[in-house]
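Here is the structure we will look at, set down as structure tokens.
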Amino acid sequence: MTSAPPHDVPSTDTVASGSPPYATVLFDLDGTLTDPFEGIANSLAYALDRLGRPPVDRATVARLIGPPYTEGYVQVLGMTPSDAEETIAVYREYFSERGIFENTVYDGIPALLTRLTEAGVRCAVATSKPETYAVRIIEHFALPVDVVTGASLDGVLSRKGDVIAEAVRRLATTGDGVGRTVMVGDRSHDVVGAAEHGIPCIGVLWGYGSAAELTDAGAVALAATPAELADLLLPGR
């Protein structure tokens, strides 16, 4: 098991005997359920070439995976907000047709989601990727999740904390509520966004964030593989 801070699992006094410690798991998408690197890299290369801007290396592309698009382009690429918006618009020309499926599901994720579902745990997606794309990706790979919540194309809904709030709202309206909820993600944005709503976050190390980034942000545990994550979400099973 990966070294990590103590895992803040609900106490056995508040969890029915035999029940998983969490009733609802919110998953990030990029870097957590799927590896979107090639599609994002190809889409960005297309946009930068079309706009006559210099290309970026693969390490820089990796830093862009996780934060909202505009935030990443401004902070990582040094663009102005207006240049970032122009780049995003051209990026989407390629991404919406090709880049969206230049993407792979991480080994072990389908089995993990199936195990959680069979154990009665609700699985949902809360991602900074535009929701219209996130839904297509989840459907394309036939991943078993109940709710998919993402950013809006116009950027009004983009912050991870706001996306998580919307996911929680949608889950609550189903009638089952979202008690004993945990976030799972690979970047500090996932940890911080969940904390805004009093939700703990487990950090995963197969994505694009480091152990230090996740721990410093306040992740309650780290998992190096989907199997380790399963041990945290379904202990003893």
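The values are calculated or read from the model by the stated rules, or taken from the named source; none is laboratory data. Values in this document were obtained by computation on a predicted structure and should not be read as measured data. Every residue, glycine as well, gets a Cβ built from its backbone with ideal geometry; the counts of neighbours run over all protein chains shown.
Among the residues making up the stretch 87-131, those that are over 24 Å from G72 (Cα atoms) and surrounded by fewer than 18 Cβ atoms within 10 Å (Cβ to Cβ) are D107, G108, P110, A111, T114, R115, T117, E118, A119, G120. Name the residue that is nearest to K129 (Cα to Cα), counting only residues in the stretch 157-207 that are assigned to a helix (DSSP H, G or I) and among the charged types (D, E, K, R). Of everything passing the filter in the stretch 157-207, K160 is nearest to K129 (Cα to Cα).
Quick one: how many residues across the stretch 114-156 are of a type in the set (F, W, Y), farther than 28 Å from R237 by Cβ and assigned to a loop (DSSP other than H, G, I, E, B)? Number satisfying all stated conditions: 0.
Looking only at the stretch 72-86, residues that are surrounded by 18 or more Cβ atoms within 10 Å (Cβ to Cβ) and assigned to a helix (DSSP H, G or I) come to 3 in all. Could you list, in sequence order, all residues of the stretch 211-223 that are surrounded by 15 or more Cβ atoms within 10 Å (Cβ to Cβ) and either out of contact with any Pro (no Cβ under 7 Å at 6 or more places or on another chain) or under 10 Å from G185 (Cα atoms) (or both)? Answer for the stretch 211-223, where residues must be surrounded by 15 or more Cβ atoms within 10 Å (Cβ to Cβ) and either out of contact with any Pro (no Cβ under 7 Å at 6 or more places or on another chain) or under 10 Å from G185 (Cα atoms) (or both): A211, E213, L214, A217, G218, A219, L222, A223.
Against the test of being more than 24 Å from I164 (Cα to Cα) and either at pLDDT below 95 or not assigned by TED's automatic domain parsing to the domain that holds P226 (or both), the options A62, A47 yield a single qualifying residue, A47.
The test for being at pLDDT below 90 and either of a type in the set (G, A, S) or farther than 21 Å from G203 by Cα (or both) does not hold for A84. Of note, A134 does not satisfy the criterion of being touching a helix residue (DSSP H, G or I) at 6+ places or on another chain (Cβ under 7 Å), surrounded by 20 or more Cβ atoms within 10 Å (Cβ to Cβ) and of a type in the set (G, A, S). In the stretch 47-65, the qualifying residues are those that are within 28 Å of the chain's Cα centre (by Cα) and part of a loop (DSSP other than H, G, I, E, B), and the one that is nearest to H189 (Cα to Cα) is I65.
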